[in-house]
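Here the structure comes first, spelled out in structure tokens, and everything after it is commentary.
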Amino acid sequence: MSSVAELPSPGEEPSRPGGAPGADKAPAETPTAVEVGVCGRLRRAEDGGGDAEQLDCQPAERPCPSGIPDATVARLPVYLRALYTLAERGVSTVASDELAAAAGVNSAKLRKDLSHLGSYGIRGVGYDVEYLVYQVSRALGLNQNWPVVIVGAGNLGRALANYGGFVSRGFRIAALLDTDQALVGRELGSVVVRHVSELEEVVANSGIAIGVIAVPAGAAQAVCDRLVAAGVTSILNFAPLVLTVPEGVDVRKVDLSIELQILAFHAQRRSAERFGQPDPAAGA
């Protein structure tokens, strides 16, 4: 099983299951056509024909520029992680319900998500794991080698720079920047720490596509502004604040303290249930 970095380019896609062109689109697992009906409602028409069935009255998921809904894009990396786990176990084909269970979603949602990629499982066989890795990776743009700059060489920045899993997933740490002269010049991971004053030069010379902000909250916005001004339009933010960015710049925020607080909420409720106490979230 190849890693993402070794997968063929879109023009060199692997053979589809069964060896026949378009086999991944064979009518299996009851593929569903999804369209947006009036008032933004989702409607569904089964491939067998007939009138579309209204699913609910919620607004349709907002599509990203590729035409794939944002919510689907957010789940694709989860599917990819589950697929890698299956591949490492030597699994060559997987049923939709098994893949959905591994990814923590229901099988109907998974089939709908994968249908946006033009991928349908084969009845009685399921999905070809290697080909599905290729499809999901291509949709996410992981068949390229994305250069990444990390700003902040503290504990978090160093941990990210030393993590070896990025390369096999289509990312390359091109530079690590910091203001601390004691760190500048030190080799961390596969890069040498450079001074943050070189940020614009690094972005231009290395063709940086993604910036990672791993600095204290007080410096995060200024770093973000410099990244954006240098031409970086995709930013991963670990600082505990909401960044202000212009339209056309994508920011993903990772806040471990918030995640821990959410876990604390659920732990508190389970503890109350275990000892027969009132739900703390219900109020007095």
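Can you go through Ala209, Ala267, Ala272 and tell me which one is farther than 16 Å from Leu156 by Cα, aliphatic (A, V, I, L, M), buried (at least 18 other Cβ atoms within 10 Å of the Cβ) and modelled with pLDDT under 95?
None of the others qualify; the one that does is Ala209.
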- Note on the structure: Of the residues in the range 147-185, those that are in contact (Cβ under 8 Å) with a residue 60 or more places away in the chain, surrounded by fewer than 21 Cβ atoms within 10 Å (Cβ to Cβ) and under 21 Å from Ser137 (Cβ atoms) number 5
- Query: Taking the condition at pLDDT 95 or above, in a strand (DSSP E or B) and either among the hydrophobic types (A, V, I, L, M, F, W, C) or surrounded by 16 or more Cβ atoms within 10 Å (Cβ to Cβ) (or both), does Leu199 pass?
  - Reply: no
- Collect the residues in the range 143-153 that are under 16 Å from the mean Cα position of the chain (by Cα) and under 22 Å from Phe238 (Cα atoms), keeping them in residue-number order. Trp146, Val148
- In this structure, does Glu130 turn out to be in the same structural domain as Ala71 (by TED's automatic domain parsing), closer than 13 Å to Tyr79 by Cα and touching a strand residue (DSSP E or B) at 6+ places or on another chain (Cβ under 8 Å)? no
- Considering only the range 149-180, how many residues are in contact with a helix residue (DSSP H, G or I) (Cβ under 7 Å, 6 or more places away or on another chain), under 17 Å from Ala219 (Cβ atoms) and polar (S, T, N, Q)? 1
- Query: Do any strands (runs of 3 or more DSSP E) entirely within the range 204-270 hold 1 or more residues that are free of Cβ contacts under 8 Å to residues at least 60 places away in the same chain, and if so, which?
  - Reply: 234-237, 250-253
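For every residue, the table says whether it meets (1) over 20 Å from the mean Cα position of the chain (by Cα); (2) modelled with pLDDT of 95 or more; (3) of a type in the set (Ser, Thr, Tyr); (4) not assigned by TED's automatic domain parsing to the domain that holds Ala220.
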| position | (1), (2), (3), (4) |
| --- | --- |
| Arg81 | no, no, no, yes |
| Tyr84 | no, no, yes, yes |
| Ala87 | no, no, no, yes |
| His116 | no, no, no, yes |
| Tyr120 | yes, no, yes, yes |
| Ser168 | no, no, yes, no |
| Val192 | yes, yes, no, no |
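The values are calculated or read from the model by the stated rules, or taken from the named source; none is laboratory data. Since the model is a prediction, treat every value here as computed from it, not as a measurement. Please note: Cβ atoms are built from the backbone with ideal geometry, for glycine as well, and neighbour counts cover all protein chains shown.
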